[in-house]
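Let me begin by presenting the structure, written as structure tokens, before commenting on it.
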Amino acid sequence: MKKTVLTLLSAAVIILTAVILKNVYSCEIPIGNRGIRAAIKEGDLDILFIGSSTFRSNLDIHELDKAYNGRDFIISYGGNQYTATSVQYDEIRKRSSNDYGLMVFELDPLMLTEEVKLSDSRVIWDLSFAGKKALWNKLKTGGITNKSIMFEYFVTSGMDDLITYPLTEPFYSTRYYKGAKTDDTPSSGKEFLENEEFDISESVLIKAQEESVIEIIEKCRRDSQDFVFLECPHYYRLSEDPVYKEYHRYFTDLMVKYNVDYILAGDIDFDDHNPDYYEDMSHMSGLGRKTYTEELIKYLLKTGKETK
């Protein structure tokens, strides 16, 4: 009986230690080629992109390296929401004294309609404990939280990353470079893209997401940080959807209201009707990624959005 009790106590201590490690120190565990810590370790940057998997899939990091002499990085998470991006900005500022010539945030009209939630456990992994608490407070005020979600957030989420770290980290380090995909992603083909189903008809504005966009603007201005919002091209079937257009107008009106610089998909010379450029409605093939990034860089340099 005594031996059983000691075994259970030992197991409890190990579990508690792992939970504390994840919540307090996960942001200090080396993650190669992606995430907040890796971006900070790069030092001063001429351009830093912060967004969702759209940035990870649609920006060619090698083209950016050539244009910005390697002083570039992409922080991206699956479904990265504005509520989370606002916290990520705070993390960068609190944990580094680096200079960022230009920060580029994602202009995604449909992200304004996303329910506030944790879409990618990697977000928790990359945040300090203060950042974890800040994001949790945003989930509480803008989303639905309960004891079960709290347990997932602070205990189980990201635990698989911690346990499998020695095995998975070398794999992810070769798959990504400075937060971007490096594989030669093939197009899914015209037949797939023309028939891929999506339904955004029930989308409604989530005020917490809009408020977080405004927070990002106010924080950048407080810190005298040069920034711009960038809309990556979607396959035309999505960008021409009436609901997408509705929230696109809403987002651009918000940018005008707060006198913010923004770059729309249509500002860049890129054919969003070409199926060879796309993997799905929002993510590009390797060819599309390279082609788009080349044109984006030309636009940034031409309009003065270059290194300070």
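Overview of values
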{"read-out": "Lone qualifier among K133, K140, K190 - being at pLDDT below 85 and surrounded by fewer than 18 Cβ atoms within 10 Å (Cβ to Cβ)", "value": "K140"}
{"read-out": "Looking only at region 193-232, and only at residues there that are hydroxyl-bearing (S, T, Y) and on the phi < 0 side of the Ramachandran plot, the one that is surrounded by the most Cβ atoms within 10 Å (Cβ to Cβ)", "value": "S212"}
{"read-out": "Meets criteria (surrounded by fewer than 20 Cβ atoms within 10 Å (Cβ to Cβ), closer than 26 Å to K138 by Cβ and among the small types (G, A, S)) for S282", "value": "no"}
{"read-out": "Answer residue from region 70-103, given it is more than 14 Å from I36 (Cα to Cα) and surrounded by 24 or more Cβ atoms within 10 Å (Cβ to Cβ) and is nearest to the chain's Cα centre (by Cα) among those", "value": "Q81"}
{"read-out": "Condition met for S239 (more than 30 Å from E42 (Cα to Cα), within 21 Å of the chain's Cα centre (by Cα) and surrounded by 15 or more Cβ atoms within 10 Å (Cβ to Cβ))", "value": "yes"}
{"read-out": "Criterion violated by D253 - all others in (1) touching a residue at least 40 places away in the same chain (Cβ under 8 Å); (2) over 17 Å from E63 (Cα atoms); (3) charged (D, E, K, R) satisfied", "value": "(1)"}
{"read-out": "Selection count where residues are touching a Pro at 6+ places or on another chain (Cβ under 9 Å) and part of a helix (DSSP H, G or I), scope region 268-286", "value": "2"}
{"read-out": "Selection status of F171, under 29 Å from L287 (Cβ atoms), of a type in the set (A, V, I, L, M, F, W, C), in a helix (DSSP H, G or I) and without any contact (Cβ under 8 Å) to a residue 24 or more places away in the chain", "value": "yes"}
{"read-out": "Every residue from region 140-160 that is within 22 Å of E211 (Cβ to Cβ), hydrophobic (A, V, I, L, M, F, W, C) and part of a helix (DSSP H, G or I)", "value": "I149"}
{"read-out": "Of all residues making up region 147-187, the number that are surrounded by 17 or more Cβ atoms within 10 Å (Cβ to Cβ), at pLDDT 80 or above and charged (D, E, K, R)", "value": "2"}
{"read-out": "Flag if S285 is of a type in the set (S, T, Y) and in contact (Cβ under 8 Å) with a residue 40 or more places away in the chain", "value": "yes"}
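The values are calculated or read from the model by the stated rules, or taken from the named source; none is laboratory data. Quantities reported herein were computed from a predicted structural model and do not represent experimental measurements. Cβ coordinates were reconstructed from backbone atoms using ideal geometry, including for glycine residues, and neighbour counts include every protein chain displayed.
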